[in-house]
1. Are any residues in the range 230-266 under 21 Å from the mean Cα position of the chain (by Cα) and under 28 Å from I62 (Cα atoms), and if so, which ones?
2. In the range 117-138, what residues are of a type in the set (V, I, T) and either buried (at least 24 other Cβ atoms within 10 Å of the Cβ) or within 14 Å of D221 (Cα to Cα) (or both)?
3. Suppose we filter the range 186-229 for residues that are open to solvent by 10 Å² or more (accessible area, probe 1.4 Å), part of a helix (DSSP H, G or I) and farther than 23 Å from K138 by Cβ; how many remain?
4. Failed condition for I179, given (1) open to solvent by 10 Å² or more (accessible area, probe 1.4 Å); (2) closer than 19 Å to T145 by Cα; (3) outside any loop (DSSP other than H, G, I, E, B), with all others met?
5. I'm trying to understand the selection: among the residues of the range 234-276, which are open to solvent by 60 Å² or more (accessible area, probe 1.4 Å) and over 20 Å from H130 (Cβ atoms)?
6. Return the only residue of Q7, Q101 being at pLDDT below 90, under 17 Å from the mean Cα position of the chain (by Cα) and among the polar types (S, T, N, Q).
7. Condition first: in contact with a His (Cβ under 9 Å, 6 or more places away or on another chain) and either over 20 Å from G253 (Cα atoms) or of a type in the set (V, I, T) (or both). Can you find one or more residues in the range 161-180 that meet it?
8. Which of the residues belonging to the range 16-50 are free of Cβ contacts under 8 Å to residues at least 24 places away in the same chain and over 30 Å from I88 (Cβ atoms)?
Amino acid sequence: MSTVAEQVRDDLLEAIANDKIVLPTLPEVALQVREIAADPNVNAQKLDNIISNDAALTARIIKVANSPLLRARNPIEDLKMAVMRLGIDYTANLATGLAMQQMFQATSDTVDKYMREVWAKSTEVAGISHVLCRHYTKLKPDQATLAGLVHKIGVLPILTYAEDNRRLLRDIKVLDEVIASIHPQIGRKILETWDFPEELQLVPEQHLNFDRNVAQVDYADIVMVANLQSYIGSDNPLTQMDWTPISAFQRLGLDPEVNAHEAEDLSADMEAAMALLQ
């Protein structure tokens with residue numbers, strides 16, 4: 001890492017440690033949804049009342065409920081039907097994830113390009129995570145989807161910092177070094193601040209810890225494998241690694257040599273998952 005990148009990294013980590021950096025906050029609708037979903041007395045109507053105030057979010061949730069991936073027997077025509085079909089927790093996680101797209105706004109062309117790339121990668125990994133979770137584990141696919149959407153959330157404060165410190169925008173190589181170096185640590189900090197479950201707080205850091213060894217499969221494993229799978233066919237350095245020693249594949253029961261996009265029993269679901277969050 002270059003000296004400049006190290007300095008920027010140290011500045012950001014010090015700012016985080018001293019609570020001097022502004023971490024992103026969830027959009028208001030996501031905060032309201034998560035708060036009401038935590039109420040043991042919540043029902044579909046209460047959730048409907050919150051989400052229906054956001055027409056775009058409502059339309060996307062209905063679209064997801066009608067997705068071939070979820071195999072609804074009858075068409076879902078309104079939000080209340082969608083909530084009843086998906087369930088409270090699934091709807092809350094989905095609404096949280098979809099609302100997060102509002103956070104990916106930039107004031108410069110360079111940062112806008114980065115944010116678009118981060119969101120596109122996040123939605124791709126989220127879709128793959130959903131399918132892997134559903135086919136290979138007994139964990140919750142909606143939670144896996146949310147885990148995929150937040151695995152790079154730590155990039156946002158770095159890009160905000162870059163907008164205020166234009167020297168970073170003038171040296172893309174340094175910016176890339178800083179992002180790669182500290183976005184996992186910042187991501188965990190953000191999810192802690194948002195009071196996400198511990199099993200999701202682990203994801204930004206642990207999805208890149210290829211030596212991790214845990215007793216049973218978890219969401220960090222799912223996102224790790226989904227992230228690796230998302231780069232198949234590209235020249236990303238992760239594709240040059242030997243994936244065989246990565247124990248997350250074993251915990252999922254997935255052969256490291258298998259391309260999940262092309263696997264006969266997964267290809268249809270993968271195609272549906274890629275359209276799920278678009």
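The values are calculated or read from the model by the stated rules, or taken from the named source; none is laboratory data. Computed from a predicted model, the values in this text were never measured in an experiment. With ideal geometry, Cβ positions are generated from the backbone for all residues, glycine too; neighbour counts draw on all protein chains shown. Note: areas computed on protein heavy atoms with side chains; ligands, DNA, RNA excluded. Shrake-Rupley method; radii C 1.70, N 1.55, O 1.52, S 1.80 Å.
1. Listed by number, the residues that qualify are S230, A260, H261, L266.
2. Initial filter on the range 117-138 (of a type in the set (V, I, T)): 118, 123, 125, 128, 131, 137.
Residues satisfying the conditions are V125, I128, V131, T137.
3. So the count comes out to 5.
4. Checking I179 against (1) open to solvent by 10 Å² or more (accessible area, probe 1.4 Å); (2) closer than 19 Å to T145 by Cα; (3) outside any loop (DSSP other than H, G, I, E, B), the one that fails is (2).
5. Selection gives D235, P237, Q240, M241, D242, T244, P245, Q250, E257.
6. Q101
7. Kept after step one, since they are in contact with a His (Cβ under 9 Å, 6 or more places away or on another chain), are these residues of the range 161-180: none.
Looking through the range 161-180, none of the residues is in contact with a His (Cβ under 9 Å, 6 or more places away or on another chain) and either over 20 Å from G253 (Cα atoms) or of a type in the set (V, I, T) (or both).
8. Passing the criteria: A17, N18, D19, K20.
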